[in-house]
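Structure, as C-alpha cells:
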Amino acid sequence: MSSQGLPPGIALNDPRPIAAGAPYTFFMPHDIELAALKPGDGVKAILRQTEGETKYDAERMWVLIELIEDGVVFGTLDSDPADMPLIEAGMPVAIPLTHVISTAFHTSNPRPETPPRREYWERCFVDACVVEGRCHADYIYREEPDMTREDDEYEDSGWRIRGTSEAIADDEQRGEGPMYIAIGKVLNADDRWLPLIDREYGAAFQWDADVQDYVELE
C-alpha cells in the first residue's frame, strides 16, 4: 500500500472542506458514532484514482473494519468500484476517522444515540442567482404548499425565495429560471434567513440593507 494506507494510484478525498462548504446538505458522522465503531462495522469514504483516465472524479465506497488504532480505520474495501481499475473489493485500506463520511453498525454493535440534527430537504422555489451566489435572498415569503406530488420523497415547504431585481434580470439574460430544490441547498448559499424558517404560511420578509436584517411585511 501507499503511504496513505491505500493501493498505489488511489487517493483519499478529505470531506471536511465539502462539509464546510455545504453544511446544510453534507453531514459528517457525529463524534459519538465514530467513538462507538468496532471491528465488523463499516465506514464510507471518498476515494479517487490518480493514475489513468476514469469515468468518475471520485467514488464513495464502504470499508469493512478490522482494526481501529490511533484514529485510523484499518480494513478491507467492501464495495465494487464502478470505474476504478486500480482497486477492488477485498483490498486492504486504511482510512482516518476524520475522512469518514458515513457509518454502518453490525447487529452486534447497535448504532448509538446521537443528538438530533435537523435536515432541510423540504423543497422551495428559489431564483438561480441566489443558489449560485450571485446575490442574497432579497425577498422571501411562505405560501400554502402547492407543488408536492404523490410520489415526491420530500414535500413543498411553501417557501419562495427571490433574489435582487438586478440579479433576476441577469438570470433572464442567462436563460435561467427559478429552481424547485431542497431548502438546504439555498441555505448553503445564504443562510441569513434561517431564523425565519419555521414562520407561518403567509409570512413575508424583505432584506433591509440599512439594518442588515429582514423586515417583516404586512
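The values are calculated or read from the model by the stated rules, or taken from the named source; none is laboratory data. Since this is a predicted model, take the numbers as computed values, not measurements. Note that we place each Cβ from the backbone using ideal geometry, even for glycine, and neighbour counts take in every protein chain shown.
Laid out as a table, the results:
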{"quantity": "The one condition in (1) assigned by TED's automatic domain parsing to the domain that holds Asp208; (2) touching a Lys or Arg at 6+ places or on another chain (Cβ under 9 Å) that Met61 fails to fulfil", "calculated": "(1)"}
{"quantity": "Answer from Glu176, Glu166, Glu200 - the residue that is in a loop (DSSP other than H, G, I, E, B) and farther than 24 Å from Thr25 by Cβ", "calculated": "Glu200"}
{"quantity": "Matching strands (runs of 3 or more DSSP E) fully within the range 98-156 where at least 2 residues are modelled with pLDDT of 95 or more and of a type outside the set (A, V, I, L, M, F, W, C)", "calculated": "102-104, 139-142"}
{"quantity": "Hits in the range 151-176 - residues which are crowded, with 18+ Cβ neighbours inside 10 Å and of a type in the set (Gly, Ala, Ser)", "calculated": "Ser157, Gly158, Gly163, Ala167"}
{"quantity": "Pair list, Cβ under 6 Å, 6 or more apart: the range 141-159 residue under 11 Å from Tyr180 (Cα atoms), other residue of a type in the set (A, V, I, L, M) and surrounded by fewer than 14 Cβ atoms within 10 Å (Cβ to Cβ)", "calculated": "Asp156/Met147"}
{"quantity": "Residue satisfying all of: in the range 179-194; assigned to a helix (DSSP H, G or I) and in contact (Cβ under 8 Å) with a residue 60 or more places away in the chain; nearest to Ala22 (Cα to Cα) among these", "calculated": "Asn188"}
{"quantity": "Subset tally (residues that are closer than 14 Å to His136 by Cβ and of a type in the set (Lys, Arg)) for the range 188-214", "calculated": "1"}
{"quantity": "Condition check for Glu176: touching a helix residue (DSSP H, G or I) at 6+ places or on another chain (Cβ under 7 Å) and more than 25 Å from Ala203 (Cβ to Cβ)", "calculated": "yes"}
{"quantity": "All positions within the range 39-58 that are closer than 19 Å to Ser79 by Cα, of a type outside the set (Gly, Ala, Ser) and either touching a residue at least 12 places away in the same chain (Cβ under 8 Å) or surrounded by 15 or more Cβ atoms within 10 Å (Cβ to Cβ) (or both)", "calculated": "Pro39, Asp41, Val43, Lys44, Ile46, Leu47, Arg48, Gln49, Thr50, Thr54, Lys55, Tyr56"}
{"quantity": "Selection from the range 59-89 of residues that are crowded, with 16+ Cβ neighbours inside 10 Å, in contact with a Pro (Cβ under 8 Å, 6 or more places away or on another chain) and more than 18 Å from Pro8 (Cβ to Cβ)", "calculated": "Ile65, Ile68, Val73, Gly75"}
